[in-house]
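Here is the structure we will look at.
Values quoted throughout were computed directly from the atomic coordinates according to the rules given, and no laboratory measurement underlies them. Just so it is clear, the structure is predicted and the values come from calculations on it, not from any experiment. Virtual Cβ from ideal backbone geometry, glycine too; neighbours counted across all protein chains shown.
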Amino acid sequence: MEKTEWIMSLREQVKKISALPFYKKRFQAAGFEPEDFCSLEDFRKIPFMDTKDLQNDLEEHLPYGSLYHPDTGQWTMGNRQWIGGTDENYFS
């Protein structure tokens with residue numbers, strides 16, 4: 001994959017996750033605008049997250065957190081969904 005294609009693919013993923021409340025809040029707090037993503041330098045502006053961030057989200061959005069979709073019963077992490085249980089239940 002060429003660098004341009006790689007950046008375009010990343011841009012699409014960033015745009016997708018920016019619609020989720022968890023990421024939207026984090027991007028706004030960091031001053032990151034997904035629409036402006038067009039280079040590897042922009043990629044460095046994406047805020048990191050850790051387990052504590054996910055724990056805080058869960059506490060703010062009981063009982064499952066903002067990444068949970070009640071219609072599907074699945075958690076969304078960008079383009080990956082977690083059905084629950086074991087690592088075998090991950091898929092892209």
### Message
What Kirkwood Rh does segment 3-65 have if only Cα atoms enter the pairwise 1/r average? Answer in Å.
### Response
12.5 Å
### Message
Are there any chymotrypsin sites (Phe, Trp or Tyr not before Pro) in segment 7-67 that are in a DSSP loop and have at most 15 other Cβ atoms within 10 Å? List them by number.
### Response
Phe48, Tyr64
#### Entry: Amide N proximity, segment 1-26 versus Glu60 label position 7 Å along Cα-to-Cβ, cut-off under 19 Å
15-26
### Query
Setting aside same-chain residues fewer than 8 positions from Lys3, which lysines have a Cα under 29 Å from its Cα?
Lys15, Lys16, Lys24, Lys25, Lys45
